[in-house]
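Values in this text are rule-based calculations from the coordinates and carry no lab data. All of these numbers come straight from a predicted model, not from anything done at the bench. Cβ placement follows ideal geometry from the backbone for every residue including glycine, while neighbour counts extend to all protein chains displayed.
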Amino acid sequence: MGYHRFYRRASFTVAFLFFLIAMQAQSKAGSEADKIQERVVKTIEVRQETQKKEDAWAGKKAELTARYRSLIYGNKHLEKVKEKTGQRLNSQKDLVDEAKRKIEESARIKEELQSCLESIITRLEEFIKRDLPFLPEERSDRLALIKETLASPDKPAAEKYRRVMEALQIETGYGHTVEVYQDTVDLDSRPVLVDILRLGRLSLFCQTPDGKVVGHYDRALKRWISLSSGYRRDINKAVEMARHERTIDLVRLPIGRIIVP
C-alpha cells in the first residue's frame, strides 16, 4: 500500500518534470521562432528599403543620364555656335580691317587730291594774270569761289573737284570762242565804255558804242591803245559777225605778234 502510494508520487513527479522540460523546450522554440521571424521581417524591411533606394537611384540615374546627355548635346551645340561666331567675328574683323584700310586710303587720296587741286588753281591764277585781260571780274570771282570751296573742310572732295574741273573747262573754252561784251577799259590812259571783241585768246579789240573810236590790247605794253580810223570798218564788221548780226566774211585786223601766255 505504501509502495503504490510512493510509485504514484514518483510518477507524478516525473510527469511534472517532463511537462516542465517540454514547456521550457516549447518556450525556447517559440523564442527562437520569434527571433527568426523578427530577423525575416527586418530582412524584408531592409530589402524593401534597399529596393526603394535602388528604385529612387534608378530614377535619379535616369534623370542624371538625361541631363548629362542634354548637357553634352548643349555643349556640342554651343561649340558649333562658338565656331560659327568665331568665323563671323573673323569675317567681321576682316571687313573692319578692310574698311579701315579704305578709310585710310580715302583720307590719303583726299589729301593728295586737295593738294593737287590747290596746285591747279594756283597755276590757273598765274596763267590768268599773264593772259589777255578779258572778263576780269567774272574770272576773278570764279577763282575766289573755288578757293573758298577748297578751304572749306565741310565741302566734299567731289564738289571741290567738280568746281576746279568746271573752271578749267571754261578757261579752255575761251581759247576757241569769239564773243562781244561791254566793259570800261583804260584806253590811252583814260576810262572809256567800249564793246570788247575777244578772238579766242588771240587778241582783244574794242570800239565805242557809236563805233567812232577803236582800239586793241597790246600784249607787249600790257595796256589798251587806240587804233587808226582805218580799222574802224573791219572791227565793226567783226563785232557784228561775233553777234551773229552779219554773215561771216574776211576782215583785216592788226593781230600783231602772237605771244603764248
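A few comments on the model shown:
- Here is the result for region 43-74: no trypsin sites (Lys or Arg not before Pro) lie in DSSP coil with at most 11 other C-beta atoms within 10 angstrom of their C-beta.
- Converting the Cα gyration tensor eigenvalues of region 178-261 into ellipsoid dimensions via √(5λ) gives semi-axes, longest first, of 18, 16, 12 Å.
- Degrees separating the helix 157-174 axis from the principal Cα axis of the chain, which is the longest one: 20
- Compactness of region 43-174, expressed as Rg and Dmax over alpha-carbon positions, Å: 38.6, 128
- By the compact-protein rule of thumb, 2.2 N^0.38 Å, the alpha-carbon radius of gyration of the chain corresponds to a ratio of 3.44.
- Links that overshoot a 22 Å alpha carbon limit, given the list Lys93/Lys160; Lys129/Lys222; Lys212/Lys237; Lys102/Lys155: Lys93/Lys160
- Rounded Å value of the spacing that divides the Cα centres of region 77-117 and region 147-209: 46
- Legend: ranking of residues Trp57, Trp224 from fewest to most surrounding C-beta atoms inside 10 Å; resulting order Trp57, Trp224.
- Here is how the number arises for the chain: DSSP H runs of 4 or more residues each give -39500 (n - 2.57), the sum is divided by the residue count, and the result at 222 nm is -25000 deg cm²/dmol.
- Residues with amide H under 5 Å from that of Asp183, placed H, sequence gap 5 or more: Val194, Ile196
- Proximal aspartates and glutamates relative to Lys61, as straight alpha-carbon distance under 19 Å, when same-chain residues fewer than 8 apart are discounted: Glu49
- Sorted by Cβ density within 10 Å, fewest first, the residues Met165, Met241: Met165, Met241
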